[in-house]
Structure formats: C-alpha cells, structure tokens
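Inspection log for the structure reproduced underneath, given as structure tokens.
The values are calculated or read from the model by the stated rules, or taken from the named source; none is laboratory data. Here the structure is a predicted model, which is why all the values come from computation and not from measurement. All Cβ positions, glycine included, derive from the backbone under ideal geometry; neighbour counts span all protein chains shown. Just so you know, the surface numbers come from the protein's heavy atoms only, side chains and all, with ligands and any DNA or RNA stripped out. Shrake-Rupley method; radii C 1.70, N 1.55, O 1.52, S 1.80 Å.
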Amino acid sequence: VEIYDSRVFGQTVLNVYQQAIDMYQKVYDIQALRMKDDMIEMLLSSQGDELKVTITRDLYLEKKYHINAKIMPKELEELLQHEKYAKAYLQCIRKIASKDRTRKEMYDFLTNETELDIKSINEIIEKLEKKGYINDAQYMISQIEAMRALKVGNHKIVRTLVKKGIPQETVENELANEDHEEEVARGVKWAQKQLDKPTDSS
C-alpha cells in the first residue's frame, strides 16, 4: 500500500511538475528562418541560448515550421540528427557545382567523408538524380566530347570513364554509335598536327 501513501503521492506530483519545468526550460522558439542553397536555416532560442539548425526544405514544408513555433527537446534531437543529412546533401550540391560528378563519385564521397548510414546515402543519391544534379548518361557524353577534342583514343576514354563508375559496355556502345566520318576527320586532324611538329618520325 506504500504507493498510495500521501507522501509518496505528493512526491510523484512534485516530480511531474519538476519534469514539466525542466522540459519548458529546454524548449526552443524559432526566432528566424532563412533559405540557404535549397536548405532552411533555423535560428532557435531558449532562455538566452541560441542555436542554428539546418534542415531540408522538404522537412520544413512537412513540419510547417514558422516563427515562434516551439521545438521540444525530443524534436530538437531529431532535428540535429537530420542536420547531418542536410549538411551532407549541401556538400554534394557544392561539389557538383564546382565540377560534374558521377553517381559513383558522389556515393564514394558520402561513404568516406560523412557518418551517414547507407539508407541516408541512397536517399541523397536518389534525390540528386531526381533533381538532375547527377546524370551518368549525360556525364558520359560530355566527357567523351571533351576527350575527343583533346584527341584522346577509345581505349583511354573507356578506362577513364570506367574509373568514374560508368559501365564499360555502356561506354563502348556509345563509342560504337559515333559517326565514322567524324572519327576519320578527327584522326586526320590529329595526324596533321603531328606533321606540323618538328620531328624525325616518318
């Protein structure tokens, strides 16, 4: 019957009030929202403490966050975990903005440079593909054109693109579909360039 004792009951009620006080003190208010590179940066404030958290626009729309909305401690933990995902996605966008990348290159980057689990990595890759930020087929065509301009031969083109994660068969099929006359014209240009160089070769 001890659990029904007035003193035990009183202490239990006090504990509940204390828990409510502790929780209230740890509640954050959203002070500001700022869009940043397809992300939303939230400025949170609680009892004079300020904290910045970056989330994806999708999560922002899903949760319908707004100025002065309350963020409870458990929700803040989830947001901080989500921030790792958001920042990794942002890093991917920056890498792609500076130079086109293949699916494999971005996958390797996320695996080696972040602490994300496989599920999160796959989600980011799919999102990048869906938005058109990475497109292996387009990448392969542009790289073949660039290497052709530099008079790079088929074998080197295949080796280079396979290292980037493009299947060998896919590259070879693309090269096989090239116009024969264009290939001959490139060969003639390359040969002419060699003739113009001072050399003892035949």
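Here are some notes:
- Number of positions in segment 84-105 that are under 15 Å from S120 (Cα atoms) and not basic (K, R): 7
- Flag if L110 is among the hydrophobic types (A, V, I, L, M, F, W, C), modelled with pLDDT of 95 or more and within 30 Å of Q81 (Cα to Cα): yes
Matching residues to (1) out of contact with any Phe, Trp or Tyr (no Cβ under 8 Å at 6 or more places or on another chain); (2) free of Cβ contacts under 8 Å to residues at least 60 places away in the same chain; (3) closer than 21 Å to E123 by Cα; (4) not in a helix (DSSP H, G or I):
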| position | (1), (2), (3), (4) |
| --- | --- |
| V8 | yes, yes, no, no |
| Q11 | yes, yes, no, no |
| Q19 | yes, yes, no, no |
| D22 | yes, yes, no, no |
| S45 | no, yes, no, yes |
| E77 | yes, yes, yes, no |
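Yes or no, residue by residue, for (1) open to solvent by 100 Å² or more (accessible area, probe 1.4 Å); (2) over 40 Å from the mean Cα position of the chain (by Cα):
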{"residue": "K164", "(1), (2)": "no, no"}
{"residue": "E172", "(1), (2)": "no, no"}
{"residue": "N177", "(1), (2)": "yes, no"}
{"residue": "E182", "(1), (2)": "yes, no"}
{"residue": "G187", "(1), (2)": "no, yes"}
{"residue": "K193", "(1), (2)": "yes, yes"}
{"residue": "D196", "(1), (2)": "yes, yes"}
{"residue": "D200", "(1), (2)": "yes, yes"}
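- Hits in segment 46-58 (condition: in contact with a strand residue (DSSP E or B) (Cβ under 8 Å, 6 or more places away or on another chain) and either surrounded by 15 or more Cβ atoms within 10 Å (Cβ to Cβ) or closer than 27 Å to L128 by Cα (or both)): S46, L51, K52, V53, T54, I55, T56, R57
- Only residues that are out of contact with any helix residue (DSSP H, G or I) (no Cβ under 8 Å at 6 or more places or on another chain) and either buried (at least 18 other Cβ atoms within 10 Å of the Cβ) or not in a loop (DSSP other than H, G, I, E, B) (or both) were counted in segment 142-158, giving 5.
- Among the residues making up segment 81-109, those that are touching a residue at least 24 places away in the same chain (Cβ under 8 Å) and not in a helix (DSSP H, G or I) are D100, R101, T102.
- Flag if H66 is within 15 Å of the chain's Cα centre (by Cα) and either under 21 Å from V27 (Cβ atoms) or open to solvent by 90 Å² or more (accessible area, probe 1.4 Å) (or both): no
- Among the candidates Y139, Y133, the residue that is surrounded by 11 or more Cβ atoms within 10 Å (Cβ to Cβ), in a helix (DSSP H, G or I) and either at pLDDT 95 or above or not charged (D, E, K, R) (or both) is uniquely Y139.
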